[in-house]
1. Could we say that GLU162 is more than 20 Å from LEU223 (Cα to Cα) and more than 20 Å from the chain's Cα centre (by Cα) here?
2. For the stretch 172-213, enumerate the residues that are closer than 21 Å to GLY36 by Cβ and either of a type in the set (Phe, Trp, Tyr) or in contact with a strand residue (DSSP E or B) (Cβ under 6 Å, 6 or more places away or on another chain) (or both).
3. Within the stretch 161-184, which residues are in a loop (DSSP other than H, G, I, E, B) and either open to solvent by 10 Å² or more (accessible area, probe 1.4 Å) or on the phi < 0 side of the Ramachandran plot (or both)?
4. Name the residues in the stretch 40-71 that are more than 30 Å from ILE126 (Cα to Cα), in a helix (DSSP H, G or I) and out of contact with any helix residue (DSSP H, G or I) (no Cβ under 8 Å at 6 or more places or on another chain), would you?
5. Output the number of residues of the stretch 198-208 satisfying the condition of being crowded, with 16+ Cβ neighbours inside 10 Å and under 18 Å from the mean Cα position of the chain (by Cα).
6. For PRO211, are the conditions met, namely being part of a loop (DSSP other than H, G, I, E, B) and surrounded by 18 or more Cβ atoms within 10 Å (Cβ to Cβ)?
7. Out of all the residues in the stretch 145-153, is one or more in contact (Cβ under 8 Å) with a residue 40 or more places away in the chain, among the small types (Gly, Ala, Ser) and farther than 30 Å from LEU196 by Cβ?
8. Any residue in the stretch 69-96 that's closer than 21 Å to TRP108 by Cα: show its pairings with residues that are charged (D, E, K, R) and surrounded by 15 or more Cβ atoms within 10 Å (Cβ to Cβ) at Cβ separation under 6 Å, as long as the two are six or more apart or on different chains.
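The values are calculated or read from the model by the stated rules, or taken from the named source; none is laboratory data. These numbers come from a predicted model, not from an experiment. Counting neighbours? That spans all protein chains shown, and the Cβs are built from the backbone with ideal geometry, glycine included. Heads up: the accessible areas ignore ligands, DNA and RNA and are worked out on the full protein's heavy atoms, side chains in. Shrake-Rupley method; radii C 1.70, N 1.55, O 1.52, S 1.80 Å.
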Amino acid sequence: MGKKQDVGADNPQMTEQSPWHTMSVEETIAQMGLTGALPKAGLTADEAAARLEKYGPNQMTEKDKKTLLQRIWHQVNNVLVYVLVTVAIVSLAQAVTTDNSDTRFASWFQVALIVSVITLNTWIGIYQEGNAEKAADALKNMLSTDARVIRGGKEIMIPAGEIVPGDVCLLGLGDKVPADLRLTSVSNLATGEAALTGESVPIDKVTEAIPVEGGLDPEQVPLGDRKNMSYSGEWN
């Protein structure tokens, strides 16, 4: 920690194709279609623009916000609710048409109970959806807004959303990690992974490829064991 680190930017679309943590630095660079000069020179402006066009911005995809009516419909649009509504309608008809006071009371009670269950279930569903959206917004706030990268052999600051696969990012003490990164050069680097793995202490990072035990798929390597990777939102 304290000294800036050179790292190669990763991308979710590429991650699905290549297990970066099991590859050496040289293999990683080659897999991205780049040369060994990348760690010192970085991408050129044209290469960065082309990759931004190909892979899109380094940011979470936002979904359109649902209106209250859409949320209510999402909760009630299922077979179980349809069955309950049908039973409620039958009970309501029975309550209106019957002359027996006991039957009328039981029917009205059943209608009230079903309506209460549907209302409560809908409220709980909407509340949980709201909490999920708040959690997603909180995650966005954890992401870095700026990043220091090497472009054309020069250190520059860019918006974190403009980082592309192959970018060489520089991290210093106290920086937020601006993207999912494959580490290529470290010096006493440790990152806080509490939000990712639950580890309460910073994890020391390395650059060597992570060996995969026999019979395991590379993607089965736990995130906490991928010590040559650093993920967006972590702290140095």
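1. On the way: more than 20 Å from LEU223 (Cα to Cα): yes; more than 20 Å from the chain's Cα centre (by Cα): no.
So GLU162 fails the test.
2. To start, the set of residues in the stretch 172-213 that are closer than 21 Å to GLY36 by Cβ comprises 181-187, 206-209.
Scanning the stretch 172-213 gives LEU181, ARG182, LEU183, THR184, SER185, VAL186, THR207.
3. Pass one, the stretch 161-184, residues in a loop (DSSP other than H, G, I, E, B): 163-167, 172-175, 177-180.
ILE163, VAL164, PRO165, ASP167, GLY172, LEU173, GLY174, ASP175, VAL177, PRO178, ALA179, ASP180, listed by residue number.
4. LYS40, ALA41, ALA45, ASP46, GLU47, ALA49, ALA50, ARG51, GLU53, LYS54
5. As a first pass, look at the stretch 198-208 and keep what is crowded, with 16+ Cβ neighbours inside 10 Å: 202-203, 205, 207.
This time we only want the ones that are under 18 Å from the mean Cα position of the chain (by Cα), so: none.
Residues flagged as crowded, with 16+ Cβ neighbours inside 10 Å and under 18 Å from the mean Cα position of the chain (by Cα) within the stretch 198-208 amount to 0.
6. Values: part of a loop (DSSP other than H, G, I, E, B): yes; surrounded by 18 or more Cβ atoms within 10 Å (Cβ to Cβ): no.
No.
7. yes
8. Correct list of pairs: ALA95/ARG104.
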